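All of the numbers you see were taken from the coordinates with simple rules; none came from a lab. Here the structure is a predicted model, which is why all the values come from computation and not from measurement. All Cβ positions, even for glycine, are placed from backbone atoms using ideal geometry, and neighbour counts span all protein chains on display.
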Amino acid sequence: AQSVAQPEDQVNVAEGNPLTVKCTYSVSGNPYLFWYVQYPNRGLQFLLKYITGDNLVKGSYGFEAEFNKSQTSFHLKKPSALVSDSALYFCAVRRHNAGNMLTFGGGTRLMVKP
Amino acid sequence: EAGVTQSPTHLIKTRGQQVTLRCSPISGHTSVYWYQQALGLGLQFLLWYDEGEERNRGNFPPRFSGRQFPNYSSELNVNALELEDSALYLCASSLQMTDTQYFGPGTRLTVL
């Protein structure tokens with residue numbers, strides 16, 4: 001079985017400040033980890049993924065995420081938040097060589113205030 | 001390059017009816033996935049098709065079914081609609097079975 005936890009339902013940050021959206025996972029074997037963003041009444045947009053290699057992954061729109069195997073975490077970060085970053089963020093995990101089903105966390109709403 | 005497209009955008013049905021949702025993957029993508037995003041339940045995996053075959057299904061009753069056509073487009077069928085089927089149904093596609101999934105805008109289904 002595989003699972004993802006996003007411990008914060010909502011994260012509030014001021015524009016220009018750094019942001020972190022937390023994600024922890026549980027999966028047997030090597031994980032494939034993903035971050036997606038969802039704007040109101042829209043589908044999910046792919047931000048970044050970790051498959052293997054460098055633990056720091058850079059993605060779209062200035063976002064990055066750090067894979068930490070010992071803490072089973074994959075937190076999403078951005079050095080300077082924009083008001084337009086306000087959206088719903090989902091972390092997802094897929095087990096290597098175990099089909100392509102994604103298991104999603106419950107989502108974290110990011111609110112960036114001017 | 002066109003993204004994943006889904007139709008219709010919105011749909012209103014009554015309990016007991018049947019519905020068909022459609023998805024066209026990104027050109028060249030052979031795998032199609034369906035997910036349900038229901039209020040309070042998050043995103044749940046429904047079905048995965050690759051090369052015309054059903055490869056995996058999530059924990060949903062048999063009244064949820066689908067198929068993938070030779071051009072890799074896909075349909076999701078839901079029979080005997082129940083109120084709790086009201087949700088946003090998202091389709092995603094990937095180049096290969098193990099590649100990144102790219103999502104469409106979804107179909108909002110309301111069951112009255």
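Data table
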{"quantity": "Gained length - A:Asn30 relative to A:Thr52, 0.36 nm times residue gap less alpha-carbon distance", "calculated": "7.0 nm"}
{"quantity": "Charge context of A:Gly62, other residues only, Cβ under 15 angstrom, K/R +1, D/E -1", "calculated": "-1"}
{"quantity": "Karplus 3J(HN,Hα) series, Hz, for the range A:102-113 with 6.51 cos²θ - 1.76 cosθ + 1.60 (x for Gly, Pro)", "calculated": "8, 10, 9, x, x, x, 10, 8, 9, 10, 10, 9"}
{"quantity": "All-pairs alpha carbon distance profile, chain A, 5 Å steps from 0, percent", "calculated": "2, 13, 24, 25, 20, 10, 5, 2, 0"}
{"quantity": "Normalised contact order of the range A:3-113, rounded percent, pairs of Cα under 8 Å and 6 or more residues apart", "calculated": "38 percent"}
{"quantity": "Using θ = phi - 60° and Karplus 6.51 cos²θ - 1.76 cosθ + 1.60, couplings along the range B:50-64 (whole Hz; Gly, Pro as x)", "calculated": "8, 6, x, 10, 6, 9, 6, 9, x, 7, 10, x, x, 5, 8"}
{"quantity": "Peptide B:100-106, shielding by other chains (average Cβ, 10 Å cutoff)", "calculated": "6"}
{"quantity": "Taking all pairs of distinct alpha-carbon atoms in the range B:5-101, Kirkwood radius in angstrom", "calculated": "13.6 Å"}
{"quantity": "Phi to ³J(HN,Hα) by Karplus 6.51 cos²θ - 1.76 cosθ + 1.60 over the range B:69-75, Hz, x for Gly, Pro", "calculated": "8, x, 8, 6, 5, 9, 10"}
{"quantity": "Residue-averaged beta-carbon neighbours from other chains (10 angstrom radius) around A:43-55", "calculated": "3"}
{"quantity": "Neighbouring partner chain Cβ atoms per residue of B:37-44, average, 10 Å criterion", "calculated": "4"}
{"quantity": "Neighbourhood charge, 11 Å Cβ-Cβ cut-off, centred on A:Arg109 and excluding it, Lys, Arg +1 and Asp, Glu -1", "calculated": "-2"}
